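The values are calculated or read from the model by the stated rules, or taken from the named source; none is laboratory data. Because the structure is predicted, anything quoted here is derived from the model rather than measured. Please note: Cβ atoms are built from the backbone with ideal geometry, for glycine as well, and neighbour counts cover all protein chains shown. In case anyone asks, the SASA skips ligands and DNA or RNA and just uses the protein heavy atoms, side chains included. Shrake-Rupley method; radii C 1.70, N 1.55, O 1.52, S 1.80 Å.
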Amino acid sequence: MEQFHLTLDYYGALNLHKALLEAKFHLSPDNELVSGSPLIARIYIQIRDFLLKSEESEAWKAWFQLKNRPDYRERAILRMRNCKRWNKAAFDEKSVIAAAYLSPFLYNEAERNAVILEADGEPYRQHQTGDPG
């Protein structure tokens, strides 16, 4: 099988970042599978890493922190809830699924676990039962 190699400068990577951001986190996607695709996640992580090495690296490091992007965090959770494999998956598999949906963002294990619980509906159930958590 032939390989395809793409060479981008900073502005090419920036535009690919914008296109992938739109494709992965659109509230009404044409193709639901794009958001959680491991292939798209790997490509997007390469773009993120390229941007993190640019002259604007400090700004990008802050931008890619999941805790700084609650809008995209919530969109990823919505997509995870629609994932056909989500409800049947064990926690370890949910971690892998979540990583694909959360790419290209940077987060720690506690943040990822909180996303998984939220995708499972935990905060919603706590709120409904009146349990303060």
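Summary of computed values
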read-out: Search result, residues across the stretch 100-113 that are small (Gly, Ala, Ser) and surrounded by 17 or more Cβ atoms within 10 Å (Cβ to Cβ); value: Ala100, Ser103
read-out: The stretch 1-21, subset in a helix (DSSP H, G or I) and open to solvent by 100 Å² or more (accessible area, probe 1.4 Å), residue nearest to Arg81 (Cα to Cα); value: Lys18
read-out: Subset of the stretch 75-91 (residues that are surrounded by fewer than 17 Cβ atoms within 10 Å (Cβ to Cβ) and assigned to a helix (DSSP H, G or I)); value: Leu78, Arg81, Asn82, Phe91
read-out: Some residue of the stretch 22-38 being touching a residue at least 24 places away in the same chain (Cβ under 8 Å), assigned to a helix (DSSP H, G or I) and under 26 Å from Tyr11 (Cβ atoms); value: yes
read-out: Search result, residues across the stretch 99-114 that are closer than 14 Å to Phe25 by Cβ and among the hydrophobic types (A, V, I, L, M, F, W, C); value: Ala100, Leu102, Phe105
read-out: Residue match in the stretch 57-74 (condition: closer than 21 Å to Leu21 by Cβ and either in a loop (DSSP other than H, G, I, E, B) or modelled with pLDDT under 95 (or both)); value: yes
read-out: Checklist (1) within 18 Å of Leu20 (Cα to Cα); (2) of a type outside the set (Asp, Glu); (3) modelled with pLDDT under 95 applied to Met80, failing item; value: (3)
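Table: residues versus (1) modelled with pLDDT of 95 or more; (2) hydrophobic (A, V, I, L, M, F, W, C); (3) assigned to a helix (DSSP H, G or I).
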residue	(1), (2), (3)
Glu93	yes, no, yes
Val96	yes, yes, yes
Ala99	yes, yes, yes
Arg112	yes, no, yes
Ile116	yes, yes, yes
Arg125	no, no, yes
